[in-house]
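Report on the following structure.
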Amino acid sequence: DRSEFRDFYKFVFQFSREGTNKTIEKDAIVDLLPIVLDTNRAPHLDLFLEFLAIAEHTRITLDQWDSFLQFNHTVSLDLLNLEEDGAWPL
């Protein structure tokens, strides 16, 4: 069920934070995402990991983490239905 997985996905982020930090280091996210997601749930995973490798962001918020999952549910792999003025973080 998509809703149950989303709850689990958010829990993974919360559990992986260090201390009282509200963000997680990008390098940890790069290691964590392939453990939590596969290309069936996140067809954009490989490209997103490549993007993170070169992105200037050093930390990821829960909103960004959650938005990536929603992006995978909303935007087709060929990106034809991507709204260029959409509000996707990162």
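The values are calculated or read from the model by the stated rules, or taken from the named source; none is laboratory data. Quantities reported herein were computed from a predicted structural model and do not represent experimental measurements. All Cβ positions, even for glycine, are placed from backbone atoms using ideal geometry, and neighbour counts span all protein chains on display. Heads up: the accessible areas ignore ligands, DNA and RNA and are worked out on the full protein's heavy atoms, side chains in. Shrake-Rupley method; radii C 1.70, N 1.55, O 1.52, S 1.80 Å.
The residue that is surrounded by the fewest Cβ atoms within 10 Å (Cβ to Cβ), among those in the stretch 42-62 that are in contact (Cβ under 8 Å) with a residue 24 or more places away in the chain and over 11 Å from the mean Cα position of the chain (by Cα), is THR58.
Of the residues making up the stretch 15-38, those that are under 26 Å from ASP78 (Cβ atoms) and either in contact (Cβ under 8 Å) with a residue 24 or more places away in the chain or of a type in the set (A, V, I, L, M, F, W, C) (or both) are ILE29, VAL30, LEU33, VAL36, LEU37.
Restricting the stretch 2-19 to residues that are open to solvent by less than 80 Å² (accessible area, probe 1.4 Å) and outside any helix (DSSP H, G or I), the residue that is nearest to LEU69 (Cα to Cα) is ARG17. Restricting attention to the stretch 39-56, and to residues there that are among the hydrophobic types (A, V, I, L, M, F, W, C) and assigned to a loop (DSSP other than H, G, I, E, B), which single residue is farthest from ASN72 (Cα to Cα)? So, considering only residues that are among the hydrophobic types (A, V, I, L, M, F, W, C) and assigned to a loop (DSSP other than H, G, I, E, B), the one farthest from ASN72 (Cα to Cα) is ALA55. ASP85 falls short of the stated requirement of being of a type in the set (D, E, K, R), closer than 19 Å to ARG6 by Cβ, assigned to a loop (DSSP other than H, G, I, E, B) and open to solvent by 60 Å² or more (accessible area, probe 1.4 Å). Mind checking whether some residue in the stretch 77-84 is modelled with pLDDT of 95 or more and not β-branched (Val, Ile, Thr)? Taking every residue of the stretch 77-84 in turn, none turns out to be modelled with pLDDT of 95 or more and not β-branched (Val, Ile, Thr).
ASP31 meets all of the listed conditions (1) open to solvent by 50 Å² or more (accessible area, probe 1.4 Å); (2) at pLDDT below 95 but one, namely (2).
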